[in-house]
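The values are calculated or read from the model by the stated rules, or taken from the named source; none is laboratory data. Because the structure is predicted, anything quoted here is derived from the model rather than measured. Neighbour counts run over all protein chains shown; Cβ positions are idealised from the backbone, glycine included. The area values use the complete protein model at the heavy-atom level, side chains included, leaving out ligands, DNA and RNA. Shrake-Rupley method; radii C 1.70, N 1.55, O 1.52, S 1.80 Å.
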Amino acid sequence: QHTEHSQNERCVADVLSLCLILLASSAKLLEELPQPPTITHQSPKDFIIDPRENIVIHCEAKGKPHPSFSWTRNGMHLDIDEDPKVLMKPRSGTLVLDISGGERAEEYEGVYQCSAHNELGTAVSNSIILRQSRSPLWSKERISPIIAQKGQSLILHCRPPAGLPPPIIFWMDNSKSNQNKHPKPALNGDLYFSNILPEDSRSDYICYARFPHTQTIQQKQPISVRVLDNKPVDEREPVFMVPSESVSSTVVLRGEILEMECIGLCLAVIEIPSGRASFLNFSKTLRITDVSEADAGEYRCIANNHHGSVHHTIRVTVNAAPYWISAPRNLVLAPREMGIITCRAAGHPKPSIRWLMNGLPIENAPRDPSRSVEGDTLIFSEVQTGSSAVYQCNASNEYGYLLSNAFVNVLAEPPRVLTLPNTVYQVIMSKPALLECVTFGSPLPTITWFKDSMLEGNAYVFHENGTLEIHKSHPSNSGKYTCVARNSLGLSENHVYLEVKEPTRILRPPEYREVQRSRDVVFECKAKHDPSLVPTMTWLKDDGELPDDERFRVDSDSLTITDVTESDAGTYTCIINTTLDQDSASAQLTVVEALPTPAVIYEQPGAPTDLELTDLVARSVQLTWTPGEEHNSRIKKFLIQYEDALHQSGVWHNLTEVPGTKTTAHLKLSPYVHYSFRVLALNNVGFSRPSMPSRQYRTSPAAPDENPTEVKGHGTEHNNLVITWKQANGPGLQYKVMWRQQAIETYWTSVSVANVSKFVVSGTPTFVPYEVMVQALNDYGPGPKPGAVIGYSGEDFPSAAPGDVRVLLLNSTLAEVRWSPVPLESVRGRLQGYKVHSHYNKQSTEIFSPNKTSGKLPDLLPYSIYSLRVTAFNGRGEGPTSAAQRFETPEGVPSAPSFFKVSTFDLDSLMLEWGPPYERNGRLTGYTFKYQTVNSKNDLGLLEELDLPSNQSSFTLHNLPHSTRYKFYISARTQRGAGPMLTEEAVTVLDRGTGHCDGLMMSLCLSVPPVAPAFGNVSSSMSKDGALISWEYWGTKKLLYVEYIIDKSDEDWHKEKVNGSQFHVLKGLKKGLAYKVRVVARESTRVSCSSSSSSSAMVSPQVDIATQGWFIGLMSAIALLILILLIICFIKRNKGGKYPVKEKEDAHGDPEIQPMKEDDITFGEYSDEDHKPLKGSRTPSSGTVKRDGSDDSLVDYGDSGDTEFNEDGSFIGQYSGRSDRDARHDSSEPPSPVNAMNSFV
C-alpha cells in the first residue's frame, strides 16, 4: 500500500506539474487577447489612516489594452490636477496624498471610488471610506478620594475619550505594574470590586487608553481608594453589579466576536447552549468567536451563594452583512453563443441585488437585446461582436454591501493547442495514463485523438478538458498520439508521445535475521526495473534514517552491519526508487547475547487436577480443585468453563473467574442443563492446559428464571423494525416478542416465536422510536416480566441537501466550507454528519460532525480549480448533493527543483544543471541562484546572487580560481515567492600545469572530483625513510587512508591509515616498480573512493656502475684471468712445490689457524646466489668487503693476511701479498679487481 500510494502521489505530482505549465501558458495567451479591465488590488472599504503619514489609496487593475483610471470623491469627479498634493502613480490608479507639508488629514476624509477604463468596458472598486485615526486627550477633571467600607462593592469608572478606532482599556498603578487579580476591568473599561478588602487601598488606580492605530497611550487622573475596616461584614444575597436588569438583549453580526458579561457580588456562572465558547475574567465574560446563526438564542447567567441565587437572561440576535454564495465570474463567449452570470449572496436581512454595467445602473445602460436580467442572474443569448462590457453586482442590506466585477468578453478565435508539442509522457505498466490536450478557441473547440487512426471505444476516456485517459497502460499503448482541435474558424493539432515502462519490483527482499551481539549481519535487496530508468536504493531503520555510524555499509544490493549491538535491533526497510515508481520490503533484526547464561525458565502453569463437586442443590454447586505446578510464575487467576452435553455437546463456555489464591468456587446454575466443568490456570506466560472434566451434574427443567439478554431494536429498511436477542436454553423454550410505538401507541403488539433470535416488524414509519420487550416462556411457565428497551425503525436517505454552500479561501492549500444545516424533518434518521466532496483530478471527501456547519479542506493544490458538493448522511447513507460550487486556489510557492547537479566544465569553469520543480504551484517566474566560496576551515565567503529565467535549466560559471571549493544554492520562484532551496558543493579542478611528474614519479595529473570531500595540492617527495605523500583536505570526514598498488597489476590495494595529519610516508616500496597512489576519505556509514586523489609512483634504482655493459665485459675478462692463475697454482701444488702463500703460512704459524691438509682445500661449490649483496649496493672506500659468518666473497689476493673458512671448509679467506710497509699505504691502494667484481656480481 505504501508503494502504491507513493506511486500515485508521484503520478499526480507529474500531472499537476504539467497542468500548471499549461495553465501558465493559457494565462499568458489570455493576456495577449483583448480583455476588459479587472480590479486586482484596492484599499479596504473602511480605511483608517495615520495622520502623521502620507495617505496612499490603492487601486490596481489589468486589461488589454491597459486601462486608464479616474476617481470620485463623495460621488463627485475628483480632478487630480487641481490639487498639487494629490498624485496618481503611472500606469496605476493608486492615489498618493502628500500631507508631509503640514496639511490636515481630515481635509481629505470622504468616500472614494476608483474606475478603470478601456475600450471594452469599465470596472469599479469598492466605495472606500477614508477617515483619520483619532486619539483625543482625557478631559481635565478633579477626582475626589473614595472611602469604602470593607465588604462593600465598588466601581471605578474609566470613561475614556472616544477614539477612532476605539481604544483598548487597562488599569495600572504608578509603578506600571498590572493590578492584582482581585479586581478586573469590565468590557466598558470600568474596574469592579464585588467585595473590596483593606489591601485594595491605594492612591494610584490609573485607567489607561491605548489607541492601536497611532500606538499612543492616554491616562486618566489617578484615583485614590481607602478601605475602612471598622465594621463587621454582613453576608447578603447575591446581586448583579452588571447587568442591573433581569433581561437584556444584544445584536451581533455573523463572523464577529460576541462578548457577554455578568459581574456579581458572588460567583457567577454563565449557561451556554453549546460548547463553542471560551470564558475570560474568571468566567465572568463569555466570548464566542466567528459568530454564526447557530449562536443566536438565550444565554443565562446565574450567581448564587448559600443565601440564595439570582439569574440574568441575555437574548442574542445574530444578523449578517451580505456574504457570497456564488460571486459573479468572468465570461468569455464567441459570437452568437449564450451564457449567464449569476450573483448570489446571503445575509440577514436578505440582501437586495442591484446590477450595473460599466459603473452605471443597468437600467440606464444602452439597451442590448441579447441581454436580460432575471433577479440575481444576467442571461446572454446570441451575443454579437462589440457586446463586451464589465458588469457589477451590488448585494446590500442595512449592515453592509458586496461589490463584484465580472466582464463579458466576446471573442472570435481559431483553435490553439496550448500543450507543449512533442511532450513525452512516461507511465508504469498497468497504471493509468493521462495525455493532455489543453486548447483555447472561441467558439470552444472539439477535441479528437488519433493513434494511427481515430481513437474510440471503452479502452479510452475522453475528458471534457481534452485529456485522453488510458485506464490500464500496456506496452502496446506506447507510441505517438495526435490531438486535433476544431471549431468553426479552423483547426489545430499537436503530437505527444507515451512510453510505458516496466514496474520496479524487489525480487529478493531482506529476510528476518537473528544475530549474536558483536557479529556481522547482511540484508540483501535485489530488484529489477525498467532498463531506461535509473534506480536509487534507500535503507531505513524503524521508518527513519540509518544511524550515523560507520558500522552501517550500504552496497548496491545489500546492507551490512558490522559489530552488531542491542541498539541495532529493529525493522530495516529497503526502498527502490525510480522517477516513476518505487517498491519496498522490510525485515526484522533481532540481537541476542553472544554467550547466553543459563536463565530461569518460565512456562505455563500445570493443569489443575482433582475436580470435585459438593453442596449440590437445584440451582447451584460448589467446585473445588488442586492447582498444578506454577513453573516459576505465580498463578494470577483460574478460569472455570462448562459444557452442556444436552444442548451443545463438545462446546465449552466461560462461566466465571476466581483469583489465583482460591481453589474453590460457588457456581450458579441454570435449569435444564447437563453440566460438566473444567478449570484452566493463568500466569504471566499464558493459560495452562484444561483440567480433566468434572463429573456431570444435571439441573431439572423449570420456568425460565431470566429473559433473553442483548435485546435490541433497529431497522434494516426504511419501513421495518428488526428485534434481536440472545437465545437461552430450556425444553420447549419460546420467546414472546412485544413492541409498540413510543408515545403514540398504548397497547403492545406481541408474537411468540421459537428457535430464532430475531423478529422483523414490517410496515413501520421511517425512523420512529419503539419500545421493545422479549420474554422467555416454556412449558413450565413464563419468565420474569422483562424491561423495555428503546429501538428505532429503519432510516431512509436524507431528502434535502445542505443549503447556502460557500467557500472561503484561507490560503493556497486551505479553504473553509460553510453551509446551512438540513431541516431536521428531512434527515429521516439519525444525522451522523456532513460529507464535503471536492474534486480536482480525483475526488476526496472530508467528514464533519452533525453539529458542524463549516469545516476546513486541507491539502489543496495551489493554483487549481476545484468542484465542491456537500451532502448530509445518516445510518442509511447520503442524501442529495448541494449545487456544485467551483473555486480556484491561489498561487503558492513552488517545491524545490527536481534535481541539481554540478559538473566540471573546464579547469576554471563549473556547469550547473537543474530541473523544474515537480510541484510548481503557480506560474514559474524564474530561479534564484546563489553561490559562495568555502575555505579549508569551512568558513563561507561572500554570497553572490543571480536571477535566472524560468526557461533556463543550466548555467556555467567561468574564470573561477582552481582548487577552490564552492557552495551553490538554487530555488524556484512564483509570484507568491521562492520555494525551498537545493544545495550542492563542488571544487574546481587542479591546475594541470603544476603537476610536473619527476622524482618519485608521483604525477598527480588527475583532477579532484567536483564533489565533497575535496582534496587539493597533492604532492610527493623522496626521503631516506620512503615516499612522502602530502595533501590538502577540506572535507568533514575524519577517516583518511593512503592506498597504493603496483601499476598495471590485479592485486588488491594496500591501505595505510592516516592519523589526523595531512602527510604520510610509504615505506617498503620495491625499487624499479611503478605505483599508483590514492588518498581516500571514508564515510561514517559507508566506504567510498569518490573523494580521493590517485596518482602513479615509481621507485627508481640508484645509478650503479655494475649495470653498465662495458664494466661487465671488463670484469668478465679479469675473472677469466684470475681463473687461469688459479689453475696454474693448482698445477704447481699438485707437483709438490711451494708457492709464496704457503711459505708465509708455514713461517708465521698463526695459533688460531689450524694446519690445513691438502685434502681439505676446496674451491668448488662456491655460489653467491644465496648471499650476494643487494643490487646497487656500494663497497667500502677501502675496496674491501666486510665479512660476517654468512658472507661468501673473495678478497684481496696476496702473500699475507688472515684466512677464514666457512662451515663446509670452503675457502672464503683473504689472499694478500702485502707487507707491513704495504699496509701503511693501504688507504692509497686501489680496490682489488676481485673486490670490484664482488661488488657488482
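Being surrounded by 14 or more Cβ atoms within 10 Å (Cβ to Cβ), in contact with a His (Cβ under 8 Å, 6 or more places away or on another chain), of a type in the set (G, A, S) and in contact (Cβ under 8 Å) with a residue 40 or more places away in the chain narrows it down to one residue among A303, A327; which is it?
Result of the check over A303, A327: A303.
Pairs, please: C-beta under 6 Å, at least 6 apart or cross-chain, first residue over 13 Å from P671 (Cβ atoms) and charged (D, E, K, R) and in segment 615-627, second open to solvent by less than 70 Å² (accessible area, probe 1.4 Å) and assigned to a strand (DSSP E or B)?
Cβ pairs passing all conditions: D615/Q622.
Can you tell me which residue is nearest to A123 (Cα to Cα) among those in segment 359-375 that are in contact with a strand residue (DSSP E or B) (Cβ under 7 Å, 6 or more places away or on another chain) and outside any strand (DSSP E or B)?
G359
For segment 748-766, check the following and say yes or no: at least one residue is surrounded by 16 or more Cβ atoms within 10 Å (Cβ to Cβ) and more than 30 Å from S849 (Cα to Cα).
Scanning segment 748-766 turns up at least one residue that is surrounded by 16 or more Cβ atoms within 10 Å (Cβ to Cβ) and more than 30 Å from S849 (Cα to Cα).
Here's a check for you: in segment 845-860, which residue that is open to solvent by less than 50 Å² (accessible area, probe 1.4 Å) and assigned to a strand (DSSP E or B) is nearest to E717 (Cα to Cα)?
The selected residue is F848.
Quick one: which residue in L378, L356 is hydrophobic (A, V, I, L, M, F, W, C), over 48 Å from the mean Cα position of the chain (by Cα) and not in a loop (DSSP other than H, G, I, E, B)?
Unique residue meeting the criteria: L356.
Determine which member of the set G833, G879 is closer than 27 Å to N720 by Cβ, open to solvent by less than 20 Å² (accessible area, probe 1.4 Å) and without any contact (Cβ under 8 Å) to a residue 60 or more places away in the chain.
Testing whether each residue is closer than 27 Å to N720 by Cβ, open to solvent by less than 20 Å² (accessible area, probe 1.4 Å) and without any contact (Cβ under 8 Å) to a residue 60 or more places away in the chain leaves just G833.
Looking for something touching a residue at least 24 places away in the same chain (Cβ under 8 Å), open to solvent by less than 40 Å² (accessible area, probe 1.4 Å) and under 30 Å from E629 (Cβ atoms) - is there at least one such residue anywhere in segment 590-605?
First, pick out the residues of segment 590-605 that are touching a residue at least 24 places away in the same chain (Cβ under 8 Å): 590-594, 600-605.
So of that shortlist, the ones also open to solvent by less than 40 Å² (accessible area, probe 1.4 Å) come out as 591, 594, 605.
Okay, now just the ones that are also under 30 Å from E629 (Cβ atoms), so 605.
So far as segment 590-605 goes, yes, one or more of its residues are touching a residue at least 24 places away in the same chain (Cβ under 8 Å), open to solvent by less than 40 Å² (accessible area, probe 1.4 Å) and under 30 Å from E629 (Cβ atoms).
Looking at (1) under 22 Å from P531 (Cα atoms); (2) among the hydrophobic types (A, V, I, L, M, F, W, C); (3) touching a Gly at 6+ places or on another chain (Cβ under 9 Å), which one does C437 not meet, given that it meets all the others?
Condition (1) is where C437 drops out.
Using beta carbons and a limit of 9 Å, which pairs, at least six apart or on different chains, have the first residue in segment 1051-1074 and touching a residue at least 40 places away in the same chain (Cβ under 8 Å) and assigned to a loop (DSSP other than H, G, I, E, B) and the second one surrounded by 12 or more Cβ atoms within 10 Å (Cβ to Cβ) and polar (S, T, N, Q)?
Final answer for the pair search is K1071/S1100.
Condition test on V291, is it open to solvent by less than 70 Å² (accessible area, probe 1.4 Å) and not in a strand (DSSP E or B)? Give the derivation first.
On the way: open to solvent by less than 70 Å² (accessible area, probe 1.4 Å): yes; not in a strand (DSSP E or B): yes.
Yes.
For residues that are over 14 Å from A607 (Cα atoms) and open to solvent by less than 60 Å² (accessible area, probe 1.4 Å), scanning just segment 637-650, find the one that is farthest from the chain's Cα centre (by Cα).
The qualifying residue farthest from the chain's Cα centre (by Cα) is A645.
Only one of E119, E107, E103 is acidic (D, E) and surrounded by 14 or more Cβ atoms within 10 Å (Cβ to Cβ). Can you tell me which?
On the way: E119 fails: surrounded by 14 or more Cβ atoms within 10 Å (Cβ to Cβ); E107 fails: surrounded by 14 or more Cβ atoms within 10 Å (Cβ to Cβ).
Testing whether each residue is acidic (D, E) and surrounded by 14 or more Cβ atoms within 10 Å (Cβ to Cβ) leaves just E103.
If I go through segment 452-461 residue by residue, how many of them are in contact with a Ser or Thr (Cβ under 9 Å, 6 or more places away or on another chain) and either in a strand (DSSP E or B) or in contact (Cβ under 8 Å) with a residue 60 or more places away in the chain (or both)? Working first, answer last.
In the first step, residues of segment 452-461 are kept if they are in contact with a Ser or Thr (Cβ under 9 Å, 6 or more places away or on another chain); the result is 454-455, 461.
Of the ones still in play, those that are also either in a strand (DSSP E or B) or in contact (Cβ under 8 Å) with a residue 60 or more places away in the chain (or both) are 454, 461.
Counting residues in segment 452-461 that are in contact with a Ser or Thr (Cβ under 9 Å, 6 or more places away or on another chain) and either in a strand (DSSP E or B) or in contact (Cβ under 8 Å) with a residue 60 or more places away in the chain (or both) gives 2.
So is E706 out of contact with any strand residue (DSSP E or B) (no Cβ under 6 Å at 6 or more places or on another chain), in a loop (DSSP other than H, G, I, E, B), surrounded by 15 or more Cβ atoms within 10 Å (Cβ to Cβ) and of a type outside the set (K, R) or not? Give the derivation first.
Numbers: out of contact with any strand residue (DSSP E or B) (no Cβ under 6 Å at 6 or more places or on another chain): yes; in a loop (DSSP other than H, G, I, E, B): yes; surrounded by 15 or more Cβ atoms within 10 Å (Cβ to Cβ): no; of a type outside the set (K, R): yes.
When the stated conditions are applied, E706 does not pass them.
Restricting attention to segment 785-810, which residues are open to solvent by 70 Å² or more (accessible area, probe 1.4 Å) and without any contact (Cβ under 8 Å) to a residue 60 or more places away in the chain?
Across segment 785-810, the qualifying residues are K785, L808, L810.
Starting from segment 700-712, take each residue that is farther than 8 Å from N778 by Cβ and list its partners that are basic (K, R), counting only C-beta distances under 9 angstrom and pairs at least six apart or across chains.
A702/R619; D705/R619; N707/K785; P708/K726; T709/K726; E710/K726; V711/K726
Taking only segment 90-100 into account, find how many residues are within 23 Å of G359 (Cα to Cα) and either of a type in the set (D, E, K, R) or open to solvent by 20 Å² or more (accessible area, probe 1.4 Å) (or both).
Residues in segment 90-100 being within 23 Å of G359 (Cα to Cα) and either of a type in the set (D, E, K, R) or open to solvent by 20 Å² or more (accessible area, probe 1.4 Å) (or both): 2 in total.
Among (1) open to solvent by 20 Å² or more (accessible area, probe 1.4 Å); (2) in a strand (DSSP E or B); (3) touching an Asp or Glu at 6+ places or on another chain (Cβ under 9 Å), which single condition is A395 missing?
Tallying (1) open to solvent by 20 Å² or more (accessible area, probe 1.4 Å); (2) in a strand (DSSP E or B); (3) touching an Asp or Glu at 6+ places or on another chain (Cβ under 9 Å), A395 fails exactly one: (1).
Find the residue count for segment 422-451, including only residues that are acidic (D, E) and part of a strand (DSSP E or B).
Of the residues in that region, 0 qualify.
Modelled with pLDDT of 85 or more, surrounded by 13 or more Cβ atoms within 10 Å (Cβ to Cβ) and not in a loop (DSSP other than H, G, I, E, B), is that true of I217?
Yes; evaluated as a whole, the condition is true for this residue.
Name the one entry in P659, P671 that is out of contact with any Cys (no Cβ under 9 Å at 6 or more places or on another chain), without any contact (Cβ under 8 Å) to a residue 60 or more places away in the chain, open to solvent by 50 Å² or more (accessible area, probe 1.4 Å) and not charged (D, E, K, R). Walk me through how you get there before you give the answer.
On the way: P671 fails: open to solvent by 50 Å² or more (accessible area, probe 1.4 Å).
Matching residue, one of P659, P671: P659.
Select from segment 614-636 the residues that are surrounded by 12 or more Cβ atoms within 10 Å (Cβ to Cβ), aliphatic (A, V, I, L, M) and more than 21 Å from G660 (Cβ to Cβ) and list them in ascending order.
V621
Are any of the residues in segment 355-365 touching a helix residue (DSSP H, G or I) at 6+ places or on another chain (Cβ under 7 Å), within 30 Å of M260 (Cα to Cα) and open to solvent by less than 70 Å² (accessible area, probe 1.4 Å)? Working first, answer last.
Step one: filter segment 355-365 for residues touching a helix residue (DSSP H, G or I) at 6+ places or on another chain (Cβ under 7 Å), giving 355-356.
This time we only want the ones that are within 30 Å of M260 (Cα to Cα), so: none.
No: zero hits.
Tell me yes or no: at least one residue of segment 93-109 is aliphatic (A, V, I, L, M) and at pLDDT below 90.
Looking for residues that are aliphatic (A, V, I, L, M) and at pLDDT below 90, one finds at least one in segment 93-109, hence yes.
Of these, G375, G400, G441, which one is of a type in the set (G, A, S) and free of Cβ contacts under 8 Å to residues at least 40 places away in the same chain?
Residue meeting the stated conditions: G375.
Report yes if H996 is surrounded by fewer than 18 Cβ atoms within 10 Å (Cβ to Cβ) and at pLDDT below 80, otherwise no.
Details: surrounded by fewer than 18 Cβ atoms within 10 Å (Cβ to Cβ): yes; at pLDDT below 80: yes.
Answer is yes for this residue.
Considering segment 767-784 alone, what residues qualify as being in a loop (DSSP other than H, G, I, E, B) and open to solvent by 30 Å² or more (accessible area, probe 1.4 Å)?
Passing the criteria: F767, D779, Y780, P784.
Mind checking which residues of segment 816-827 are under 16 Å from A327 (Cα atoms) and not charged (D, E, K, R)?
Answer for segment 816-827, where residues must be under 16 Å from A327 (Cα atoms) and not charged (D, E, K, R): V817, W819.
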